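Report on one structure; see the data block that follows.
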Amino acid sequence: MKKYLNNLKYIALATVVSLASCVSDDLAEVGDLEDFTGPTPFYNITDVTSSEFDCNDVELWANYDFNFQAGSNLAVNGTSYQWSITPSDGVMLINKDLPVLEQSIEAELATVVAIEKEIAKLEFKIPCETDPAKVAVFQAQIADLQVQLAAAEAALSDETLQNVADLESQITTLAPATLQDRELIFSFPNPGDYTVGLTVTDNLGKSDYTEKIITVIQAVPTIPVPEIAEPSFEDNSLFDGTGDGRDSWRVPSNAAWSPFGGGTTVIQINTDSNPVDAPNLPDGRQAAKFPSDGARVAYQEIEVTPGAEYVLTYFSAFEEETFGDMTVSILSPNTSNYGEAQLEENIIARRTDTNVGRVDNVFKKHAITFEAGENETVIIFASNSGVESRLDSFDIVVKE
């Protein structure tokens with residue numbers, strides 16, 4: 001038996017040696033099998049288009065830029081890339097590092113750039129502003145910002161200036177982008193359809209091709225965010241630094257907009273008596289107060305963009321001694337009195353909240369989504385009943 005076991009050991013050893021020789025790189029015609037796996041190309045696209053329009057929605061300029069990044073299934077083998085584009089007339093190639101360097105310069109000059117942007121925003125508003133008082137305020141703000149800008153530029157350290165100079169030098173010496181770059185930016189001359197192809201070749205000479213149709217969409221003006229004046233009912237929060245927190249919320253006519261057909265409708269103001277570091281209000285130190293008799297209302301007409309959709313948010317709080325409610329409506333600009341404000345034909349959107357389940361004087365956030373339709377303005381209107389109620393911190397955004 002021992003003899004047979006020894007024979008089996010030798011047979012097993014010989015088998016191992018034989019198998020090992022099959023993968024030896026020293027034996028002619030024997031070794032690793034040829035890799036038949038070729039590249040499978042793909043690419044990712046990021047739209048980095050930018051544009052600017054004046055206050056009349058006239059296009060000043062548009063850069064239809066798209067970042068392209070090539071890839072393949074090959075993690076080890078060396079690869080080369082070849083882009084193609086049809087039509088190619090007017091298409092420019094931009095080195096992918098250019099935006100990075102430009103952003104680095106902005107970061108070095110963060111304070112200066114921030115002031116310059118604020119000046120640009122104000123200068124943008126002036127040509128289309130019809131209120132001379134607002135124009136005067138904007139011009140005064142620009143003058144103040146220009147003083148701040150000069151001081152910020154003078155305060156730049158030698159180190160910062162050298163860093164900026166080094167970055168600018170890198171931009172100057174940046175290699176031009178080519179169709180052989182793995183990542184680059186295509187700058188398209190106009191909106192339209194472009195066929196972008198990519199060929200990937202590995203280090204064994206195997207290659208494959210993929211393509212996509214890229215649709216470049218015409219730039220459109222950004223929908224402006226409407227302005228709500230005195231949104232948190234704070235004193236001195238109007239554009240010119242004045243206001244008692246209520247001035248922007250007064251109705252055009254007490255007689256027309258009173259729930260009872262007459263008497264004062266002006267909202268009252270509730271002031272937060274808590275310490276500054278432990279505020280009771282969602283924003284600031286003041287909120288709108290509506291007495292329990294329901295005689296006070298809030299009214300403000302704001303500009304909107306026809307066809308746009310918006311989300312209006314605000315906070316409410318209630319007393320708890322009996323049932324009460326608060327209604328906030330978005331009304332058609334044709335609404336001319338309280339009675340018309342109750343008609344469905346004039347109500348664009350409406351929300352009513354009650355004090356059921358609420359905690360006394362604890363503010364809760366609400367939202368109303370509405371479409372502007374054909375309207376260039378809408379009315380924000382609020383009224384209450386039953387118990388003393390409060391509103392605070394109105395805000396509005398364009399719904400994406």
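Annotations for the structure displayed:
- Members of the stretch 36-68 that are part of a strand (DSSP E or B), among the polar types (S, T, N, Q) and surrounded by 15 or more Cβ atoms within 10 Å (Cβ to Cβ): S51, N63, N67
- A single member of P279, P291 is surrounded by fewer than 19 Cβ atoms within 10 Å (Cβ to Cβ), at pLDDT below 95 and not aliphatic (A, V, I, L, M), and it is P279.
- Pairs meeting the criteria (first residue in the stretch 229-249 and closer than 16 Å to I302 by Cβ, second residue aromatic (F, W, Y) and assigned to a helix (DSSP H, G or I), beta carbons under 9 Å, at least 6 apart or on different chains) are A229/W249; E230/W249; F233/W249; F239/F138.
- In the stretch 73-96, the count of residues that are touching a strand residue (DSSP E or B) at 6+ places or on another chain (Cβ under 8 Å), at pLDDT below 70 and among the polar types (S, T, N, Q) is one or more.
- Screening I185 with (1) crowded, with 17+ Cβ neighbours inside 10 Å; (2) in contact with a Ser or Thr (Cβ under 8 Å, 6 or more places away or on another chain); (3) assigned by TED's automatic domain parsing to the domain that holds D47 gives one miss only, at (2).
- Identity of the residue in the stretch 336-395, of a type in the set (S, T, Y) and more than 21 Å from S248 (Cα to Cα), that ends up nearest to the chain's Cα centre (by Cα): T369
The values are calculated or read from the model by the stated rules, or taken from the named source; none is laboratory data. Since the model is a prediction, treat every value here as computed from it, not as a measurement. Heads up, the Cβs are rebuilt from the backbone with ideal geometry, glycines too, and the neighbour counts pull from every protein chain shown.
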